[in-house]
Amino acid sequence: MSATATRLRRVAAVATAVAVTACGGAVLLPPSVSSNDRGVGPVVESMRRTISDPNAIVPSRSVQESTLIGASSTSPLDILVVGGGATGCGVALDAATRGLRVGLVEREDFSSGTSSRSTKLIHGGVRYLEKAVFNVDYGQLKLVFHALEERKQVIENAPHLCHALPCMTPCFNWFEVVYYWMGLKMYDLVAGRHILHLSRYYSVQESIELFPTLARKGKDKSLRGTVVYNDGQMNDSRLNVGLACSAALAGAAVLNHAEVVSFLKDEGSERIIGAKIRDNLSGQEFETYAEVVVNAAGPFCDSVRKMANKDAQPMICPSSGVHVVLPDYYSPEGMGLIVPKTKDGRVVFMLPWLGRTVAGTTDSNTSITALPEPHEDEIQFILDAICDYLNVKVRRTDVLSAWSGIRPLAMDPTAKNTESISRDHVVCEDFPGLVTITGGKWTTYRSMAEDAVNAAIKSGKLSPRNECITGNLRLVGGDGWESSSFTVLAQQYIRMKKTHGGKVVPGVMDTASAKHLSHAYGTLAERVATIAQVGLLCSHKS
């Protein structure tokens, strides 16, 4: 059965399920067929042992650079990836675990761009589901199906960096209670076996207990309760670095602060066969060769395409996504808030994040710059959106920091019309030897990478050792990690602390520090704690 036929069958099942649920019944969805279900056990186990080896060390920068320099015209890489964000590092990991020779270069640092400036959510897209239903849009519904499958997979592949987060939707009349309850139940049903937790309705009193800063009145209306559903939350920049490290352990040569300055082309066919790279730390330039180049430069993918063909038609429609950081008292730990209606039609989230509160995001046209900055009107838009839902005075002076990320919304340059900008990803090869992957979102990085590698294999007539296995592969630090792993750090390691007299002395590792290390590094946290402990003790003795 084809993927399209399977999804169509699920659409029909969801429609039936929603109708049954609305009438008080219950229904179970049939399991979906996913690329993650393919039987590649022995290969996965072998690669898992490689990545999770406690003694494994990511090769040094000089070793990575030497590998790229050593890729010659007679012995080229299979794939050279341009861009070290979520998608680029995902491509490198996917290709390396298929047994291909892989290199990756990133102009700045891993996750220094859009991939570290997200809402920190791994989600299927609640508002896309709403559009799919009201516009009878199968494309939007397919996008939600796919994202919800990937949401669960991302959490399972990096359990130390990702977790389920309940999000509260306030309802100020009974119509909203019914509307959001049915909509979020449908969200649960679409997720099927990939569901995190069931959504449910909470009374006003229960809601206030769960979210003490929630307003009982808003816009001259009284709160009638809330509907709470679950999406995933991640540490986006650490997850990106985890992808890069996992790719390196799997055999890819990944190099940050290395910029493509031009492409190398075959004199006869004009096919791209490599690139000239500048090491931005040393200033030195070198050439590296590859059968295929994958352009995963996010908002800058058009700039890369124009290196190959100066007349390339743009395929990026950049959108500005701004977020602000507020004090922790704006939201309780372990519960987010969703503002379902804003003046531009988007939803705004307010989420607990590393002891603070993150609120966002905006969606406005922008120009592509290396260091986008949030505008004051965008910051104020977010504050205005949340103020009617809180009993706390929302002050501009409470904004601790703000950031702006450029969302690379994609248009397929080969499409006959571009009236509808896709929220899904686009893979194309509009110049021989250069495969471009762009669009999509953080949640679907893994499947985006799979599609890009498949296209690269076809373009370069490559011979991978096996099919894609990243659907069942935990990232570095994730294999063997448990939520209770921090207790080992708290019990067995020390932390240097200052006494009231100002003297620095060894002390117990407090729970907050132990949890932070455990979630940031997973099973590698003990290695980090050991390094820190030895260094602190040596400096204390001296």
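The values are calculated or read from the model by the stated rules, or taken from the named source; none is laboratory data. Because the structure is a prediction, the values reported are computed rather than measured. Because the Cβ atoms are built from the backbone with ideal geometry, glycine has one as well, and the counts that use them run over all protein chains shown. Only protein heavy atoms, including side chains, enter the accessible area calculation; ligands, DNA and RNA are left aside. Shrake-Rupley method; radii C 1.70, N 1.55, O 1.52, S 1.80 Å.
Within the stretch 485-529, the set of residues being at pLDDT 90 or above and among the hydroxyl-bearing types (Ser, Thr, Tyr) comprises Ser485, Thr487, Tyr493, Thr511, Ser513, Ser518, Tyr521, Thr523.
Of the residues making up the stretch 489-509, just one is open to solvent by less than 80 Å² (accessible area, probe 1.4 Å) and either of a type in the set (S, T, N, Q) or not assigned by the TED database to the domain that holds Ala529 (or both), namely Thr499. Selection of first residues in the stretch 457-475 that are over 13 Å from Ile155 (Cα atoms) and of second residues that are open to solvent by 80 Å² or more (accessible area, probe 1.4 Å), restricted to Cβ pairs under 6 Å at least 6 apart or on distinct chains, gives the following pairs, ordered by first then second residue: Ser459/Glu429. Does Glu450 satisfy the criteria of being among the acidic types (Asp, Glu) and either over 23 Å from His160 (Cβ atoms) or assigned by the TED database to the domain that holds Asp94 (or both)? Criteria met by Glu450.
Taking each residue of the stretch 170-188 that is in the same structural domain as Phe349 (by the TED database) and part of a helix (DSSP H, G or I) and looking for partners that are basic (Lys, Arg) and surrounded by fewer than 20 Cβ atoms within 10 Å (Cβ to Cβ) with beta-carbon atoms closer than 8 Å, six or more apart or interchain, yields Trp174/Arg224; Glu176/Arg224; Val177/Arg224. The conditions of being open to solvent by 10 Å² or more (accessible area, probe 1.4 Å) and basic (Lys, Arg) are met by Arg117. Within the stretch 341-372, the set of residues being touching a strand residue (DSSP E or B) at 6+ places or on another chain (Cβ under 6 Å) and part of a loop (DSSP other than H, G, I, E, B) comprises Thr342, Val347, Thr361, Thr362, Asp363, Thr366, Ile368, Pro372. The conditions of being closer than 18 Å to Ala164 by Cα and at pLDDT 95 or above are met by Arg238. Could you please let me know if Leu165 is surrounded by 15 or more Cβ atoms within 10 Å (Cβ to Cβ) and of a type in the set (A, V, I, L, M)? The answer is yes for Leu165. Kindly evaluate Gly70 against the criterion of being open to solvent by 10 Å² or more (accessible area, probe 1.4 Å) and at positive phi. The answer is no for Gly70.
Hey, can you tell me all the residues within the stretch 214-234 that are part of a loop (DSSP other than H, G, I, E, B) and touching a residue at least 60 places away in the same chain (Cβ under 8 Å)? Let's see the steps before the verdict.
If we filter the stretch 214-234 for residues that are part of a loop (DSSP other than H, G, I, E, B), which is where we start, we get 215-216, 219-220, 223-224.
Hits for the stretch 214-234 are Ala215, Arg216, Lys219.
Which one of Pro332, Pro318, Pro299 is in a loop (DSSP other than H, G, I, E, B) and either farther than 19 Å from His123 by Cα or among the hydrophobic types (A, V, I, L, M, F, W, C) (or both)? When all the criteria are applied, what remains is Pro332.
Does the stretch 354-377 hold any residues that are open to solvent by less than 30 Å² (accessible area, probe 1.4 Å) and at pLDDT below 95, and which are they? First the steps, then the outcome.
Just the residues of the stretch 354-377 that are open to solvent by less than 30 Å² (accessible area, probe 1.4 Å), to begin with: 357-362, 372.
Those that are open to solvent by less than 30 Å² (accessible area, probe 1.4 Å) and at pLDDT below 95: Gly360, Thr361, Thr362, Pro372.
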